[in-house]
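Quick notes on the structure that follows.
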Amino acid sequence: MQLSSDGGTATFGPSVRRWREARGLSQRRLAAAVHVSPGWLSRIENGFSEPTMGLARACDEVLGAGGELVALAVVGERDVGLERLPRPAQLPAGAGATFVGRTHELAELDQLLELAARAGTVMTVLIDGLPGAGKTALAVRWAHQVSHRFDGGVLFADLKGFALSGERADPGEVLEGFLLALGVAAGSIPASTAQRAGLMRSLADGRRLLVVVDNAGTYEQVAPLLLGAAGCAVVVTSRRRLRGLTVNDGAVRIALGPMLPEGSIELLTATIGERARLEPESVRLLAQRCGHLPLALRIAAERVVASPRHRVAELASDLIRDSARLDVLAADELAVRSAFSCSYRDLDPEARRTFRLLGLFPGSDIAVEAAAALVDRPSWVARGLLEQLASMHLAEETAWDGWGVHDLLRVYAARLAEEEDPAPERAGAVRRLVEWYVHTADAALHVMGGNRQLPSLASCPPLEPKRFGNPAEAALWFQRESENFTTVARLAVDHRLPGAWELRLWFCSRHRRPTSEWRATWEIERRATRAGDAVAEAGTTRQQDASHAHVADGDWA
Ligand SMILES: Nc1ncnc2c1ncn2[C@@H]1O[C@H](COP(=O)(O)OP(=O)(O)OP(=O)(O)O)[C@@H](O)[C@H]1O
Ligand SMILES: [Mg+2]
């Protein structure tokens with residue numbers, strides 16, 4: 001129900017009155033329910049006084065306004081009109097100038113937007129398909145093309161639905177990020193996911209917002225992020241066919257298969273350049289051997305670029321030979337894996353080792369210094385090795401000096417590590433990585449003037465912990481790495497490193513994270529306890545006490 005929508009000019013007072021009347025409540029009853037005097041409520045309803053955020057939240061809850069009243073109070077509180085709120089522009093660069101083909105899909109998306117505009121409805125689209133099919137590239141490309149039509153802004157979130165660490169993004173946290181980007185003050189963001197979703201929908205009403213939700217793992221993860229207002233559009237990508245979206249929310253599904261042969265030849269040619277034009281038949285063959293799958297095509301193309309002395313025909317026949325070797329795999333997987341293995345074999349031994357060891361880290365992006373610890377080399381050497389991997393499209397540099405490896409590649413790398421690196425070598429790499437995190441966290445706490453406790457885990461200083469110039473830099477590091485902390489702590493537990501729980505302690509004590517993350521870290525500790533780390537047990541009790549105190553303090557509200 002939306003009672004106060006009148007083209008974006010609604011204000012709190014009249015809206016609360018409309019909601020109250022719709023619910024059949026007298027001013028006196030509502031005033032009692034939200035703990036203010038009837039006179040005060042009357043002043044607010046008549047627009048003579050502004051509500052506090054707490055009162056707005058209470059009214060919203062009692063009247064079941066789904067966040068609408070909170071949204072109006074947010075606007076009122078900041079004394080800005082909707083049109084002057086920030087206009088987020090969160091799209092990543094995507095494939096950028098290298099994007100080719102997919103003309104049918106782009107046209108279909110355009111058409112759906114027109115249809116929704118004419119019908120005065122929201123546009124909801126699900127793009128699903130194989131890993132590496134180009135779902136993100138397509139969604140981001142289209143969003144860039146039409147972003148000027150969304151004057152309310154463009155929001156983007158990666159739900160990490162298929163993260164190797166198993167840690168999917170929490171929709172409540174994603175909503176928190178969206179609301180902050182839309183100008184809602186941190187203190188005004190409601191606690192529950194449902195309330196946040198309500199507030200988000202209320203803010204979307206009356207302005208044109210485009211939301212790209214990448215990598216959704218389940219319907220439940222994406223449902224709170226959907227919008228209902230005309231003029232808005234939500235594009236979801238997933239490796240799964242999320243039936244709930246089409247059945248419950250009227251989403252239109254675009255199933256993204258491999259590229260058309262012309263498109264995949266175009267993709268190869270765009271990267272390879274002149275040599276592709278000299279050997280069109282080999283390029284056609286190469287495209288075919290890649291199953292016309294963009295991820296495989298990009299990797300194969302980079303390999304051609306990296307081998308200037310070889311003919312494309314030779315490189316294509318390598319791929320055929322490898323396909324034969326890997327023929328136990330399903331056809332689409334085979335295309336990707338054979339592209340991986342050819343590129344991997346072309347690397348020099350140091351870069352190969354780096355690639356394999358990166359497979360041991362199932363977190364999100366890794367910082368250069370952390371990678372350096374993993375491979376036991378100085379940072380400048382590690383950077384060179386990562387750049388080598390990137391030149392073969394086996395890794396990519398992300399926005400903030402971190403490096404990412406596609407999860408299919410990571411699984412492949414982990415398998416290679418298991419085959420090629422003896423267990424002590426693998427354990428040593430994990431230990432160095434964990435120690436790097438511990439020492440860097442310690443350095444950050446030092447700069448922030450925090451309470452440092454040197455962990456028992458760290459037996460020797462790591463090569464190069466990160467250095468922080470000021471507390472803000474250190475705090476930013478904590479924030480950016482918070483996800484990896486959980487993963488690293490788990491890795492430490494899985495490798496039975498003593499004192500693994502201390503990582504978790506740091507992590508929890510530094511950051512006010514949502515309850516879901518606390519639960520995840522408790523789970524880590526339980527595992528540590530089961531693994532026989534007696535210290536962890538004491539840590540569990542201490543930390544749970546501390547965390548309950550936090551909750552009791554209202555830290556999480
Ligand atoms: N149409 C295209 N033109 C050029 N490059 C493309 C195109 N589509 C995809 N790519 C490239 O192929 C690779 C895989 O694409 P992308 O990451 O979009 O796949 P995805 O389907 O989102 O995969 P995942 O399921 O792993 O998220 C990327 O490097 C991307 O830049
Ligand atoms: Mg993707």
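Using 0.36 nm per residue, how much length does the chain from Arg28 to Arg118 gain when fully extended, once their Cα-Cα distance is taken away?
Here the answer is 28.0 nm.
Between His148 and Val381, how many nm apart are label points set 7 Å from Cα along the C-beta direction?
So the two model labels end up 5.1 nm from each other.
Leaving ligands, DNA and RNA out of it, report the carbon-plus-sulfur percent of the accessible area of segment 96-256 at a 1.4 Å probe.
The C+S portion of the solvent-accessible surface of segment 96-256 is 51 percent.
Per residue, what accessible area does segment 12-83 have, given a 1.4 Å probe and all protein chains present, in Å²?
It amounts to 48 Å² per residue over segment 12-83.
Just add up the charged neighbours of Thr246: K/R +1, D/E -1, any other residue whose Cβ is under 13 Å from the Cβ of Thr246.
Neighbourhood net charge equals +2.
List the residues whose amide H sits under 5 Å from the amide H of Phe156, counting only those 5 or more places along or on another chain, with H placed 1.01 Å from N in the peptide plane.
Residues meeting the criterion, in which the H sits 1.01 Å from N, are Gln90, Val212.
Over segment 96-256, average the accessible area per residue using a 1.4 Å probe and give it in Å², no decimals.
Computed with neighbouring chains in place, this is 36 Å² per residue.
Provide the per-residue ³J(HN,Hα) series for segment 409-424, in order, calculated from phi with Karplus coefficients 6.51, -1.76, 1.60 and θ = phi - 60°, each as a whole number of Hz, with x at glycine and proline positions.
So the Karplus estimates, Gly and Pro as x, are 5, 5, 4, 4, 5, 5, 5, 4, 4, 5, 6, 9, 9, x, 3, x Hz.
Determine the gain in length on full extension of the stretch Glu274-Glu418; use 0.36 nm per residue of separation and subtract their C-alpha separation, reporting nm with one decimal.
Computed gain between Glu274 and Glu418 is 47.9 nm.
For the pair His35/Glu281, report the inter-label distance in nm, with labels modelled 7 Å from Cα in the Cβ direction.
8.3 nm
First compute the accessible area of segment 12-83 with a 1.4 Å probe, then give the percent of it belonging to carbon and sulfur atoms.
Answer for segment 12-83 is 51 percent, counting heavy atoms of protein chains only.
If you build the Cα gyration tensor of segment 96-256 and take the root of 5 times each eigenvalue, what three semi-axes come out, in whole angstrom, biggest first?
Sorted largest first and rounded, they come to 23, 19, 14 Å.
Is the shape of segment 12-83 rounded, prolate or oblate, going by the alpha carbon gyration tensor and its root eigenvalues a ≥ b ≥ c, with a/c under 1.5 for rounded and a/b larger than b/c for prolate?
Taking the square roots of the gyration eigenvalues as a ≥ b ≥ c, segment 12-83 is prolate.
Taking the Cβ-Cβ separation of Ser307 and Val247 as r and a Förster radius of 41 Å, what is the calculated FRET efficiency to the nearest 0.05?
The formula returns an efficiency of 0.25 here.
Please work out the C-alpha center-to-center distance from segment 290-313 to segment 184-227 and express it in whole Å.
First find each Cα centre; the distance between them is then 41 Å.
Could you tell me the relative contact order of segment 201-351? Use alpha-carbon pairs under 8 Å, at least six residues apart, and round to a whole percent.
About 17 percent, as a whole number.
The values are calculated or read from the model by the stated rules, or taken from the named source; none is laboratory data. This structure is a prediction, so every number in the text was calculated from the model and none was measured. Note that each Cβ is placed from the backbone with ideal geometry, even for glycine, and that neighbours are counted across all protein chains shown. Accessible surface is based on the protein model in full, side chains and every heavy atom, while ligands, DNA and RNA are left aside. Shrake-Rupley method; radii C 1.70, N 1.55, O 1.52, S 1.80 Å.
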